[in-house]
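Structure first, then comments.
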Amino acid sequence: MSEKIVVLDPITPSTADRMRALLPPGLTMEHATSRDPAELAALVADADYIISGQIAVDASLLAAAKKAKVLHKWGVGVDNFDLEAAKAQGITVARTTGSNAVPVAEFAVGLMIALLRNLAFGHATLRADGSWRTTTLPKESLMISGKTVGIIGYGAIGQNVARMVKAFGCKVLYNKTRPLSAAEEAAQGVTFATVAEILAQSDIVSLHCPMTPQTAGMIDRKALQSMKPKAVLINCARGGVVIESDLVEALKAKEILGAATDVYEQEPVPADHPLLKLDNAVVTPHIAAMAADNFVSTINQMWGNIHRVAQGEKVAENDFVC
């Protein structure tokens, strides 16, 4: 008898076909076509395994999934899962550790360039009405080369960002709960700093920390005002790490040079959100982890964990959450 995997994120038929082509024997897959709560609840009713990337999985949705054995993150951050509810229901929670590290790191560096060099602004205005705005840029155009980059959250993604910006001759400061050893710092050419030191000293502050009670709202107006006036903020972590209303006010007041974000407090972000209207902001719709040439390895990592459980084994130790 086959077991069913349900993907909660709305995906295209072609993506679904690619995923099904990689399925281990004995497993089938269905997927959502919208974010409608009623559709999601109906989908999980007979699911043996649930996958979600951006869709929130709360206690009420889990309660509808009476057969579910595994809740698997399509990605790394599990802040959109109710972990306590999953544990209470006996559902194993797993993630694809390290799977998106290089794609997200590349995207973060891309946001740095798009923001610092006014690339995104130039593209948007020229495409909108042909405006040739070479003398009316919203801010100075600055290089990455030689800048101080502060990385808050120094896991696999943060370390890849450090590796990439080192190629631009950047000085790298990093912050994580458990600092690297002196030997590791020397090998990577990075220096530990407190969050306050990173904000004060960096030209580019790049966020790659998980969303936790400690990091929620960490970047508020006071934090932004402690940054250099010509510094920029990059957020590929989670929207709630930054208080968006404070960021909007700081950008309007030009307290920092600019900000680029791929994540938001509410997703999808409302179309009338003021952050989307600012010329000194670059905004993208949570696509940093999406890389077609990283697809197969990520799906195989998820399928491998689910197949292990289907065979009476445990998920890979590195991917186990609770």
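The values are calculated or read from the model by the stated rules, or taken from the named source; none is laboratory data. Only a predicted model underlies this, so the values are computations on that prediction, with no experimental measurement involved. Ideal geometry is used to build each Cβ from the backbone, glycine not excepted, and the neighbour counts take in all protein chains shown. Calculation scope for accessible area: heavy atoms of the full protein, side chains included, ligands and nucleic acids excluded. Shrake-Rupley method; radii C 1.70, N 1.55, O 1.52, S 1.80 Å.
Say a paramagnetic label sat at a point 7 Å from the Cα of ARG163, along Cα to Cβ; which residues of region 73-98 have their backbone N under 13 Å from it?
98
Taking a probe of 1.4 Å, how large is the accessible area per residue of region 162-211, in Å²? Each step should come with its number before you reach the end.
Details: 2490 Å² over 50 residues.
Heavy-atom SASA per residue in region 162-211 reads 50 Å².
How many percent of the accessible area of region 1-146 is carbon or sulfur, using a 1.4 Å probe? It would help to have the intermediate numbers written out before the result.
On the way: 3980 of 6880 Å².
Result for region 1-146: 58 percent of the exposed heavy-atom area is carbon or sulfur.
Calculate what fraction, in whole %, of the accessible area of region 233-299 sits on carbon and sulfur atoms when a 1.4 Å probe is rolled over the protein chains. It would help to have the intermediate numbers written out before the result.
Numbers: 1600 of 2840 Å².
Carbon and sulfur: 57 percent of the exposed surface of region 233-299.
Can you list, largest first and rounded to whole Å, the semi-axes you get for the chain by taking the square root of 5 times each eigenvalue of its Cα gyration tensor? Before the final figure, lay out each step's value.
Numbers: eigenvalues 268, 102, 66 Å².
So the equivalent ellipsoid measures 37, 23, 18 Å along its semi-axes.
Helix-only estimate, please: 222 nm mean residue ellipticity of the chain, summing -39500 (n - 2.57) across DSSP H runs of length 4 or more and dividing by its residues, to the nearest 500.
Values: 12 runs with 111 residues, N = 322.
When only DSSP H runs of four or more count, the value is -10000 deg cm²/dmol.
What's the FRET efficiency of GLU106 with ALA63 using the Cβ-Cβ distance as r and R₀ = 25 Å, to the nearest 0.05? It would help to have the intermediate numbers written out before the result.
Details: r = 39 Å, r/R0 = 1.55.
For R0 = 25 Å, the calculated efficiency reads 0.05.
Fully extended, how many nm does the chain gain between GLN311 and ARG133 (0.36 nm per residue separation, minus their Cα-Cα distance)?
Details: separation 178, 0.36 × 178 = 64.08 nm, distance 6.06 nm.
That works out to 58.0 nm of additional length.
Leaving out ligands and nucleic acids, note down the accessible area per residue over region 12-99 with a 1.4 angstrom probe, in whole Å². Mind dumping the intermediate values first?
Details: 3830 Å² over 88 residues.
Computed with neighbouring chains in place, this is 44 Å² per residue.
What FRET efficiency comes out for the pair VAL296/LYS252, r = Cβ-Cβ distance, R0 = 41 Å, nearest 0.05?
Details: r = 44 Å, r/R0 = 1.06.
With a Förster radius of 41 Å, E is 0.40.
Below 12 Å, Cα to Cα, which aspartates and glutamates can LYS230 reach? Residues fewer than 8 away in the same chain don't count.
GLU140, ASP203, GLU255
Quick one: Cα convex hull volume of region 1-131, Å³ per residue?
That works out to 145 Å³ per residue.
If packing is taken as the average count of other Cβ atoms within 10 Å, what order do 88-99, 196-207 fall into, highest mean first? Can you show the working numbers first?
Values: 88-99: 19.2, 196-207: 21.5.
Highest-to-lowest ranking by the protection proxy: 196-207, 88-99.
For the chain, give the magnitude of the charge dipole about the Cα centre (Cβ charges: +1 Lys/Arg, -1 Asp/Glu; no others), in debye to the nearest 20. Could you put the intermediate results ahead of the total?
Details: 30 positive and 33 negative charges, 153 e Å.
For this selection, approximately 740 debye.
Give the peptides 306-312, 35-41 in descending order of average Cβ contacts within 10 Å, highest first.
On the way: 306-312: 16.3, 35-41: 14.1.
Top to bottom by mean Cβ count within 10 Å: 306-312, 35-41.
So how far apart, in nm, are the two label points at ALA271 and GLN89 if each is 7 Å from Cα heading toward Cβ?
3.3
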